[in-house]
Amino acid sequence: MAAFLVGSVLSAGNPISVKFSNVELEPFWGATLRFTFAAGLMLLVMAVLRIRFPRGRALLGAVLYGIFSFGLAFACLFYALVELGAGFLQILLAVIPLITLFLVVVQRLERLRPAAVVGAVLAFVGVLLMSQIALGASISLTSILVAMAAAFCMAEGAVLVRLFPPESPVSLNAVGMTVGAIILFIASLVAGNEMVLPQLRETWLAMAYMVIVGSGVVFMLWVYVLQRWEASRAAYNFVLLPITTLILSHWITGEQVGVELVLGGVLILIGVYIGAVRPNRALVEVPV
């Protein structure tokens, strides 16, 4: 439980740090730098602790985890955060537990519950409401759809951790972040991003947080929880993030929190509560 709560709180600073990074760095290149440094940090920890490199199916699982959780998901997130506010993005990502529920059903890890369908409908209505508000504020629907694609990739990445043999959180993230950094670098080349190192102090501070805390600590805790809880339960952390991120984003970046935005977010959170939390009020630890 402690790992779950600490990881949820520390994760709230990630989208705000990305907003600072995107001010100076183009999105795919900023994501590339983040996970290149983070992968190096994880590989260093592996060497110091003498943790073995994944093999066989565990290695395949780590590569797939990296493709979805880092390469695809963060390409979408960095792109979406060029336009979306950090708090707005976290409310959209609150549908991840519901997406995870459907993915574990398709991949035969859990059964589909009627409550999940009801919750999904409510969450979808909330996203539609927020989309209309965003369009009225000259925010493109493309950014919202890209954010939802990131939510799908992050949910599938969580499911993959449960589908493949368990590995050390350090080695799993070392491989995953390396794969992710390669994908993001290719995306930078294709998009024609300018590949430069940060010059602003604020960008370096944001990058330091994302690498050490937002990637190193958060994702090790994330894998630790995933290996002990069902994927649909571990995804509850995305329900907790919007409130913390909205408060931090309003305080640090001045992001506005309007009534309509809150209403859409409330619908999403209610949908997640009905579909993922209410049927099982307690988080049950599952043996690996």
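General remarks:
- Residue check for Ile91: over 19 Å from Val213 (Cα atoms), among the β-branched types (Val, Ile, Thr) and touching a Cys at 6+ places or on another chain (Cβ under 9 Å): no
- Counting only helices (runs of 4 or more DSSP H) that sit completely within segment 146-235, those holding 2 or more residues that are open to solvent by 10 Å² or more (accessible area, probe 1.4 Å) and either under 20 Å from Leu77 (Cα atoms) or at pLDDT 90 or above (or both) correspond to 169-191, 201-208, 218-226.
- Selection status of Leu64, modelled with pLDDT under 85 and under 19 Å from Leu184 (Cβ atoms): no
- Single unsatisfied condition, Val63 versus (1) open to solvent by 10 Å² or more (accessible area, probe 1.4 Å); (2) more than 20 Å from the chain's Cα centre (by Cα): (2)
- The set of residues from segment 66-94 being surrounded by fewer than 24 Cβ atoms within 10 Å (Cβ to Cβ) and not hydrophobic (A, V, I, L, M, F, W, C) comprises Tyr79, Glu83.
- Filter result for Gly7 (open to solvent by less than 50 Å² (accessible area, probe 1.4 Å), part of a helix (DSSP H, G or I) and either out of contact with any Leu (no Cβ under 8 Å at 6 or more places or on another chain) or at pLDDT 95 or above (or both)): no
The values are calculated or read from the model by the stated rules, or taken from the named source; none is laboratory data. No experiment lies behind these values; they were computed from the predicted model shown. Positions of Cβ are backbone-derived with ideal geometry, glycine not excepted, and every protein chain shown enters the neighbour counts. Accessible surface is based on the protein model in full, side chains and every heavy atom, while ligands, DNA and RNA are left aside. Shrake-Rupley method; radii C 1.70, N 1.55, O 1.52, S 1.80 Å.
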